[in-house]
Structure formats: C-alpha cells, structure tokens
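All remarks here apply to the structure that follows.
The values are calculated or read from the model by the stated rules, or taken from the named source; none is laboratory data. Quick caveat, the model's predicted, so the values are computed rather than measured. Methodologically, a virtual Cβ is constructed for each residue, glycine included, from the backbone with ideal geometry; neighbour enumeration extends over all protein chains shown. In case anyone asks, the SASA skips ligands and DNA or RNA and just uses the protein heavy atoms, side chains included. Shrake-Rupley method; radii C 1.70, N 1.55, O 1.52, S 1.80 Å.
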Amino acid sequence: MAAQASLRDLAKSIIAGKSEGGEIEGFLAQLRAIYDATALSRGVFRIEETSVLWAVEVAGGKPPVLTTRTYDEDGSVWFEWEAPQPDPRPDILATGAQNQLMTRLGDSDVYIALRDLPNFSATAYRIATDAQRIKDEWVVIEYYPPHPDCLPQPGVPQGAVTTFVWHSQVFPGTGRRCWVYVPAQYRLDGPPACLMVFQDGGMYLEPPAPVPTILDNLIHRGELPQIVGLFVDPGTFPDQPGQRQNRSFEYDTLSDQYAHMLRDELIPEVAKVAALRSDAASHAICGISSGGACAFTAAWQMPDLFGKVLSHCGSFTDIRGAHQYPLLIRRTERKDIRVYLQDGSNDIDDSCGSWRLANMEMAAALKFRSYDYWFEYGRGYHSLAHGGATLPDALRWLWRPSRA
C-alpha cells in the first residue's frame, strides 16, 4: 500500500510540473519494478482509493491521448459491457468522452495520466496515438476503507500458513494449490479446532480480504473460536495446453462432487496438521462469485458436514443451474444451515441473469423458510471490495453462538 501511495503522490507532483529530475527517475524506477516492458507497452492502470494512475510506454516522442467516459450507478455500464451488441460493436467512447494528453516521464518513452473518479463508477478508457489504438478497457472504482481488523494489530500473535498442491481423485487430472492456516493459540494437546474452507483460496489470503490477519485479530480477542482455515484454489489441468481451468465445472455444478473432494480428500489432509471438531456447526465454507454458489451447494448437499455458509457476490444465476436454488429452498424442508449473503447494486447483469436480483431472491427464499440468515447489500460491483471490508463483522455474525 505504501508503494501505491508513493506512486500516486509522485504522479500528482510530476503532472503538475513540481518534481525534480531525481524524483521522476525514482518514480520511473518504481513503475518498472512493478510492470515489465511488455505490460507497459500495452498500457497499465493502478488504483488507489478513488484515484487511477495510467502508464504506457510508446516510442515516437509524441504524447499518447487518454480518452475516458465514466458511467454512473444506473446499470448502463453492464448494458455497454456485457449485453449482446451488433457487429461491429458501437464505439462507446465516440461521444461524451474526455481527452487528455499523457505526461512524459523525463526523457523516457513512458507516459502517465492520473484522474480522480467518482466512487462506485465504471470508466471506459482508451490509450491511443495518431497511429494506433494501444488499449481499450474498463476500470471500476469501488473503494471501502479497510476494517481495522483487516490490518495487523500490535501484540497479536500470527498464525502459521503452509501450502501444498493437491491432485484430486474426485476431479481426475486436476491439480490445485491449497493453503492451511493454523491459529497461534492452537495446541496439539488442546481441544480440537473449528474449520473454515475458502474457495478461490488465494484471493482470501491478501487484501481486501486477508483472512489470516482477520482470524489472528478476532481469535486473539476471543471473538471467534480457534478456527483452522483451508484455502483451496480451483483445479486446473496441468497437462493440457494453457493449464485449462476446471473452475466452473467444480463450482457451478449442482452436485455433491466438490463436497466429496473436501470431505474425503482435503479435510483429512488438514486433520494431519490439526485436530478438528466433527460437528457441522463447527464447519463453515466461503467463496466469491461461483465460489459462493459452490459454498452453498456444498452445505446444501452435505448439511451434516457444513453448517455455515458465507457467500460474496454469489453466482446464483443460470450458469450451470444455481438459479434454481430459491425455489429449491422454498420447496424443501429447512436444513440446519446458517447463511450470510453479500452483494451489491452494481453487480453483474448479463445473459446468465442479474446477480443482484438472484441474491435478493436467495435472501427472500431463506427468509420464507425461516433460515438463520443475513443479507449484506451495498453499492459494490462483482469483487471482494465490499465483502472484504465487512468480513470481520460477517465472521462474527456467522460464528456467534446458536440461537435458542
């Protein structure tokens, strides 16, 4: 985060013409340490809070032009972004756009631009010269201040995180990265620990959702029980070209396959490191997007294994059938599952459905069947920004003592 702040502040000074040569060279060195020559030649952007820094390296000595068009929170961004379009697609930057010359860094061929954009907005942008379009893309601004419990706190012992690679028998031919977090307070000769599983596990190891840090803080204060974390990435096929991903098949399919992999393969591996409680109320499962739908599927299929679900921007839409869950919940006897849903008003709306409406339908169905549930609804997009900022409170709610 310090590097981001330094780059933003230096960029403002450079663009305003207030920086000396040494500062410009230092800024350029930081930029090159983050992005290699190939990335810079294609154009990059970097977000800090609601500021966006663009950079591109292009020869010729003439500044490229950055063109931007910002969309408000009215859903138009998803129409322009995802909805079926004629061929060729209309140029959404043709009207209502802003142009600015990018600023050269000293005598280099690197140019930068900086803009402060409205929070919860999406901006289409183009970097171009007279001779070529270098990049057309989108940048989404979704800033939530980090919760204090997402940051390391003085005097709080840190748990240990170890990693391994797993080749599943349930999903033959796949390999996946896994991590295990064991809290500092855990002792082999002490009581068994609770378990929480995270899909897209690598995303939950760092900001905006640094689960190990959050667990360190909350377990240290006695606000959570001792929880061992299992972080599981989706499977890939390492022997196939491009290491093809198996994510959608594993996460979006309405079957017990994924839960079987956890129960029969991965949880026994975790049990070699730490003794685990066996009751479903002591097991939680979490994920984002298709991983959120997967978390619910695992608990729905095996409520005797997982009694708690945390879903961020869950894909309860028609990818592989998860849009059926609201009716299934309404027409099935209530299962002993506690459910926390999070989503935002700017989530995806495409040919598979509306993520926002799908999560509202899930919340309504859970209410109808008298589930113990919470629906955290904000202004966010399809990301972990809001889910990460609210994660400490979500974990406190999810792990609170059972109601009578």
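Identify, please: which residue in region 241-256 is touching a residue at least 60 places away in the same chain (Cβ under 8 Å) and part of a loop (DSSP other than H, G, I, E, B) and is, among those, most open to solvent (accessible area, probe 1.4 Å)? Residue satisfying both the conditions and the ranking: Leu254.
Considering region 333-356, and only residues there that are open to solvent by less than 40 Å² (accessible area, probe 1.4 Å), modelled with pLDDT of 95 or more and not in a strand (DSSP E or B), the residue that is farthest from Trp374 (Cα to Cα) turns out to be Trp355.
In summary, Thr297 fulfils each of the numbered conditions (1) farther than 15 Å from Asp252 by Cβ; (2) buried (at least 24 other Cβ atoms within 10 Å of the Cβ); (3) at pLDDT 95 or above with the single exception of condition (1).
Screening Tyr373 on (1) under 30 Å from Arg221 (Cβ atoms); (2) over 20 Å from the mean Cα position of the chain (by Cα); (3) open to solvent by less than 20 Å² (accessible area, probe 1.4 Å); (4) of a type outside the set (D, E, K, R) shows it passes everything except condition (3).
Okay, residues lined up against (1) among the aliphatic types (A, V, I, L, M); (2) loosely packed, with under 13 Cβ neighbours inside 10 Å:
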| residue | (1), (2) |
| --- | --- |
| Pro118 | no, no |
| Ala122 | yes, no |
| Asp130 | no, yes |
| Pro157 | no, yes |
| Thr174 | no, no |
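When Val77 is tested against (1) at pLDDT 95 or above; (2) outside any strand (DSSP E or B); (3) crowded, with 18+ Cβ neighbours inside 10 Å, only condition (1) is not met. Only one entry of Arg32, Arg8, Arg69 meets the criterion of being at pLDDT 95 or above and either among the basic types (Lys, Arg) or surrounded by fewer than 19 Cβ atoms within 10 Å (Cβ to Cβ) (or both), and that entry is Arg32.
The rows are residues; the columns are (1) surrounded by 15 or more Cβ atoms within 10 Å (Cβ to Cβ); (2) touching a strand residue (DSSP E or B) at 6+ places or on another chain (Cβ under 9 Å); (3) over 27 Å from Asp343 (Cβ atoms); (4) not aliphatic (A, V, I, L, M).
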position: Arg126; (1), (2), (3), (4): yes, yes, yes, yes
position: Phe164; (1), (2), (3), (4): no, yes, yes, yes
position: Ser168; (1), (2), (3), (4): yes, yes, yes, yes
position: Val182; (1), (2), (3), (4): yes, yes, yes, no
position: Pro191; (1), (2), (3), (4): no, no, yes, yes
position: Cys194; (1), (2), (3), (4): yes, yes, no, yes
position: Gln199; (1), (2), (3), (4): yes, yes, no, yes
position: Thr213; (1), (2), (3), (4): yes, no, no, yes
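When Ile92, Ile112 are screened for being touching an Asp or Glu at 6+ places or on another chain (Cβ under 8 Å) and surrounded by 16 or more Cβ atoms within 10 Å (Cβ to Cβ), only Ile92 passes. Exactly one residue among Thr297, Thr253 is in contact with an Asp or Glu (Cβ under 9 Å, 6 or more places away or on another chain) and of a type outside the set (Phe, Trp, Tyr), and that residue is Thr297.
For beta carbons closer than 8 Å, sequence separation of 6+ or different chains, a first residue in region 208-230 that is modelled with pLDDT of 95 or more and a second that is open to solvent by 50 Å² or more (accessible area, probe 1.4 Å) and of a type in the set (Asp, Glu), there are no qualifying pairs. Give all pairs with beta carbons closer than 8 Å in which a residue from region 47-72 that is in contact (Cβ under 8 Å) with a residue 12 or more places away in the chain and among the acidic types (Asp, Glu) meets a residue that is part of a strand (DSSP E or B) and open to solvent by less than 10 Å² (accessible area, probe 1.4 Å); count only pairs at least 6 apart in sequence or on separate chains. The qualifying pairs are Glu57/Val110; Glu57/Tyr111; Asp72/Ser121.
Just need a number here: residues in region 278-320 that are in contact with a Gly (Cβ under 6 Å, 6 or more places away or on another chain) and outside any strand (DSSP E or B). Number of matching residues: 9. Checking each residue in region 96-109 for being in contact with a Leu (Cβ under 8 Å, 6 or more places away or on another chain), open to solvent by 20 Å² or more (accessible area, probe 1.4 Å) and under 19 Å from Asp9 (Cβ atoms) picks out only Gly106.
A quick yes/no check of all residues on (1) more than 30 Å from Gly60 (Cα to Cα); (2) among the aliphatic types (A, V, I, L, M):
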{"position": "Leu117", "(1), (2)": "no, yes"}
{"position": "Thr123", "(1), (2)": "no, no"}
{"position": "Ile134", "(1), (2)": "no, yes"}
{"position": "Glu137", "(1), (2)": "no, no"}
{"position": "Pro146", "(1), (2)": "yes, no"}
{"position": "Asp149", "(1), (2)": "yes, no"}
{"position": "Pro154", "(1), (2)": "yes, no"}
{"position": "Pro157", "(1), (2)": "yes, no"}
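Of the residues that make up region 257-276, is at least one touching a helix residue (DSSP H, G or I) at 6+ places or on another chain (Cβ under 9 Å), farther than 25 Å from Gly175 by Cβ and in a strand (DSSP E or B)? Within region 257-276, not a single residue is touching a helix residue (DSSP H, G or I) at 6+ places or on another chain (Cβ under 9 Å), farther than 25 Å from Gly175 by Cβ and in a strand (DSSP E or B). The set of residues in region 142-154 being open to solvent by less than 70 Å² (accessible area, probe 1.4 Å) and either among the small types (Gly, Ala, Ser) or in a helix (DSSP H, G or I) (or both) consists of Asp149, Cys150.
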